[in-house]
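The values are calculated or read from the model by the stated rules, or taken from the named source; none is laboratory data. From a predicted model like this one, the values you see are computed outputs, not experimental measurements. Virtual Cβ from ideal backbone geometry, glycine too; neighbours counted across all protein chains shown.
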Amino acid sequence: MLTAVLLLLAACGSENSGNGNEAATQAPTASAQPEPTAIAEALPETKKVTDDLGREVEVPVQPSAIVAGEFASELLALGIKPVGSGDNGFKIVYTQAEMEGVERIGDPPNPETVTLLAPDLVIAPTVFLEIYPEQMEQIGKIAPIFYISFEQDPIYDIFAKIAELVGKTEEAKKWIQEYEAEASAARDKLQSSIGDETVTIFRVEKGRLRIYLNRNFGGYMLRSGLQAKAPEAVAAEIEGNIFASAKEISLELLPEYAGDHIFLIVREEGDDKSAFEEIEKSGLWSNLDAVKNGNVHRLETDKYYGSDIVTIRETMKEALGMLAP
């Protein structure tokens, strides 16, 4: 009888010991499951924004790897270096040193290159979707794309939108305040120097003569920055499309669009140079008041190429020195 009791107790002890071992092996498995709050904290915080195509896009609140199809200068002004940029970002004379180390994604943008950069945000102009639809469709599968239109104010619209997108509104406000102070002083100096005299920007290329309005090649800098007065024909073009880039005109219309001062953009070599030499020989050119009074100012094509905020700010200083030395 005693033997039977002892065997029963031994069996119970063995069973309890087995259960303890099983619990011991299961406990770490249960504790290894991450808490829901830990999962949420590990994921990057996002927000929903609306781009210039009217699309609602979910983007990181604090993006850490941005590819800039355009607008690299705006990001640099906010203290952000993009991981990749389209070709135009490398053409801006004033930011070339800061672009060192940024990957060139090409024009059209190369989806494979973008993939390797592993961006969490892509910023691109709306025109990219029009001219590179296939590439942008592929890139849209890699990271969210925020599209921005060129047809708006480069400082108070484009720059402000980018700053809000990447969480740098205070930095943008500071930059704009500094720019406005510089622009105000420049306008006062220009007014004191030339008063209501008019200014035109001409660009000469082989087979094409264009006037620049209120965007790139000095247009925004001159009209919105310095607020230089435009000839009536130029003012009418701007009024018709306030952020238009340029208008092509015939040589016969040159006197109608020419101002008291002319900013001239023409490359110093090749066919463009030859084209301008032919214009110089014409009576239409030599009879312009700006030509007769020595008020033709040559602008470097590469310097004035962009419509980005850094180019606007820097070329405003240089142009003022030409008009009001």
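Quick notes on this one:
- Selection status of ALA143, surrounded by 15 or more Cβ atoms within 10 Å (Cβ to Cβ), assigned to a strand (DSSP E or B) and aliphatic (A, V, I, L, M): no
- Selected residue (only one of LEU284, LEU288, LEU209, LEU213 is of a type in the set (A, V, I, L, M, F, W, C), over 23 Å from ASP153 (Cα atoms) and within 31 Å of the chain's Cα centre (by Cα)): LEU209
- Only one entry in GLU134, GLU100 is closer than 29 Å to PRO44 by Cα and not in a helix (DSSP H, G or I), namely GLU100.
One line per residue, one yes/no per condition, for (1) in a loop (DSSP other than H, G, I, E, B); (2) touching a strand residue (DSSP E or B) at 6+ places or on another chain (Cβ under 6 Å); (3) of a type outside the set (A, V, I, L, M, F, W, C); (4) not assigned by TED's automatic domain parsing to the domain that holds GLU318:
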{"site": "LYS47", "(1), (2), (3), (4)": "no, no, yes, yes"}
{"site": "ASP52", "(1), (2), (3), (4)": "yes, yes, yes, yes"}
{"site": "SER64", "(1), (2), (3), (4)": "yes, no, yes, yes"}
{"site": "LEU76", "(1), (2), (3), (4)": "no, no, no, yes"}
{"site": "PRO82", "(1), (2), (3), (4)": "yes, yes, yes, yes"}
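- Residues considered: VAL102, VAL122, VAL61, VAL114. Of these, the only one that is surrounded by 15 or more Cβ atoms within 10 Å (Cβ to Cβ), more than 30 Å from GLU314 (Cα to Cα) and modelled with pLDDT of 95 or more is VAL114.
- Within segment 184-200, if we keep just the residues that are assigned to a loop (DSSP other than H, G, I, E, B) and of a type in the set (Asp, Glu), the residue that is surrounded by the most Cβ atoms within 10 Å (Cβ to Cβ) turns out to be GLU197.
- Filter result for TYR220 (of a type in the set (Ser, Thr, Tyr), surrounded by 19 or more Cβ atoms within 10 Å (Cβ to Cβ) and closer than 20 Å to TYR305 by Cα): yes
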